[in-house]
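These notes concern the structure reproduced below.
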Amino acid sequence: MAPDAKITVRNVSKTFRTGRGGVQALEGIDFQVGEGEFVALVGPSGCGKSTLLNMLAGFDRPDTGEALVDGRPVLAPSRKGVLITQRGSVFPWMNVQRNLGFGVNGMPEAEQESLTRHYIELVGLQGFEQAFPHELSGGMLQRVEVARALMAKPDVLYMDEPFAALDALTRLRMREELIRILERERHTCILVTHDVEEALHLADRILVISTRPGRIQRTVEVDVPHPRRLSSIRLVALREMVLSELGVTQGEDRTARPAVAGTGVQKLTAGWASDN
Ligand SMILES: Nc1ncnc2c1ncn2[C@@H]1O[C@H](COP(=O)(O)OP(=O)(O)OP(=O)(O)O)[C@@H](O)[C@H]1O
Ligand SMILES: [Mg+2]
C-alpha cells in the first residue's frame, strides 16, 4: 500500500445489530485515496455506501479493520473531514450567512465575514446572504451545503448523494460548479452517488460496490482529463463497463443516457468541448 495515501480503508467490515438480528453492511473493504484525488462509490441501495462514508467521517466505527486519514485512525468527527449528507444539514432558523459562519465559530469577526463573502461568491449565492433556507430553491440549498462544508477548510470532503434530490439540469449545473470549485481549491473527495454519469463526470476513480454485504467489486480508473464530454468514446465505454458491473444492460437502462442529448443541456455542457 502507498505510504503517502490520504485515506486508507483496510479490511473494513461492519454488521449492524437490530431487534431483527444482524445486518452485515460491509465486508472486507480495502482501498486507498491519494491526496487531492476524487473517488466515487457507486452501488445498489443498501450496499453500505453511507455506512462507509459515516465511518470515514468519524460518525461510526468498523467492527474489524480500520479507516485511516493521514495514517491515523478516525475515532470521531473532526474538521479534517466534512460530510455532506443525503438529508442535508443546514439550520432552518439561520440565514445563509449565519449558516456559513456556524462552521467557523470562534474566528475573528472580520475574518469570518471575508471568508463567508468568498464562499458565497464561489457558489454563486450573492444577494442571498440574508435569505433563510425556506426561501431558497433545492439547488441553492445544496450550494449552501457545499459552501458550508468548504468553509471548514476540510482536508477531505465526503459527499453522500449531495445532488440526488435535484432535477437533472440543476444536478448538471452543480457538477459543473463543483468541478470549477475543485479547480480552485483542491480537496480530496469521496462521492457516493447512484448516478453513473455523475461519477464519470467528476471522479478520477470509481469503486463499484456489490450488493450487501458491500465489497469492492471493481475499480474503474476514469483516465480522461477535464473538461469531460460524456458522449466521448472513452467515457461511453467506461459508462458501459460500470453499468454492466451494476447489472444494468444497455437496453434496460433508461435513466442514465449521456447528458448531451437535449438542447438545454447542451448549453450547460458547452464547457466539455474537447473530444476526450
Ligand atoms: N444504524 C443502523 N442500524 C441498523 N442497520 C443499519 C444502520 N445503518 C445502516 N443500516 C443497514 O446497513 C445497510 C447499509 O446501509 P447504508 O445506508 O450504508 O446503505 P447505502 O448503500 O448508503 O444505501 P442507499 O444507496 O439506499 O443510501 C442497510 O441494510 C441498512 O438497513
Ligand atoms: Mg446511503
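The values are calculated or read from the model by the stated rules, or taken from the named source; none is laboratory data. All values reported here derive from a predicted model rather than from experimental measurement. All Cβ positions, glycine included, derive from the backbone under ideal geometry; neighbour counts span all protein chains shown.
Look through segment 65-123, keep the residues that are among the polar types (S, T, N, Q) and in contact with a Gly (Cβ under 8 Å, 6 or more places away or on another chain), and return whichever of them is farthest from Ile29 (Cα to Cα).
Gln112
Return the residues of segment 25-42 that are farther than 14 Å from Ile190 by Cα and either modelled with pLDDT under 95 or within 16 Å of ligand 2 (Cβ to nearest atom) (or both); say none if nothing qualifies.
Residues satisfying the conditions are Ala25, Leu26, Ile29.
Go through Glu111, Glu161, Glu135, Glu129 for me and flag whichever is closer than 21 Å to Phe59 by Cα, at pLDDT 90 or above and not β-branched (Val, Ile, Thr).
Within the list Glu111, Glu161, Glu135, Glu129, the selection yields Glu161.
Restricting to segment 219-229, name every residue that is over 17 Å from Lys49 (Cα atoms) and either in contact with a Leu (Cβ under 8 Å, 6 or more places away or on another chain) or in a strand (DSSP E or B) (or both).
At the first step, the residues of segment 219-229 found to be over 17 Å from Lys49 (Cα atoms) are 221-229.
Glu221, Val222, Val224, Arg228, Arg229, listed by residue number.
Say we look at segment 29-40 and pick out the residues that are more than 14 Å from the chain's Cα centre (by Cα) and more than 13 Å from ligand 1 (Cβ to nearest atom); which of these is farthest from Ser13 (Cα to Cα)?
To start, the set of residues in segment 29-40 that are more than 14 Å from the chain's Cα centre (by Cα) comprises 29-32, 34-35.
This time we only want the ones that are more than 13 Å from ligand 1 (Cβ to nearest atom), so: 30-32, 34-35.
On the way: Asp30: 10, Phe31: 13, Gln32: 16, Gly34: 22, Glu35: 24 Å.
Result: Glu35.
Give the residue that is nearest to Leu53 (Cα to Cα), with candidates limited to residues of segment 70-108 that are at pLDDT 90 or above and in contact with a strand residue (DSSP E or B) (Cβ under 8 Å, 6 or more places away or on another chain).
That would be Leu83.
Look through Gly22, Gly43 and report the one residue that is within 16 Å of ligand 1 (Cβ to nearest atom) and surrounded by fewer than 17 Cβ atoms within 10 Å (Cβ to Cβ).
Gly22
Restricting to segment 43-92, name every residue that is within 15 Å of Leu191 (Cα to Cα) and more than 16 Å from ligand 2 (Cβ to nearest atom).
Listed by number, the residues that qualify are Gly81, Val82.
For the structure I just gave you, tell me whether Arg17 is farther than 22 Å from His187 by Cβ, over 19 Å from the mean Cα position of the chain (by Cα) and within 10 Å of ligand 1 (Cβ to nearest atom).
In short, yes.
Matching residues to (1) assigned to a helix (DSSP H, G or I); (2) surrounded by 18 or more Cβ atoms within 10 Å (Cβ to Cβ):
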| site | (1), (2) |
| --- | --- |
| Arg180 | yes, no |
| Leu200 | yes, yes |
| Leu207 | no, yes |
| Gln217 | no, no |
| Ser231 | no, no |
| Met241 | yes, no |
| Gly247 | no, no |
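Restricting the search to segment 1-40, which residues are free of Cβ contacts under 8 Å to residues at least 24 places away in the same chain and polar (S, T, N, Q)?
Matches in segment 1-40: Thr18 only.
Of the residues Arg17, Arg117, only one is charged (D, E, K, R), at pLDDT 90 or above and farther than 22 Å from Pro154 by Cβ; which?
Arg17
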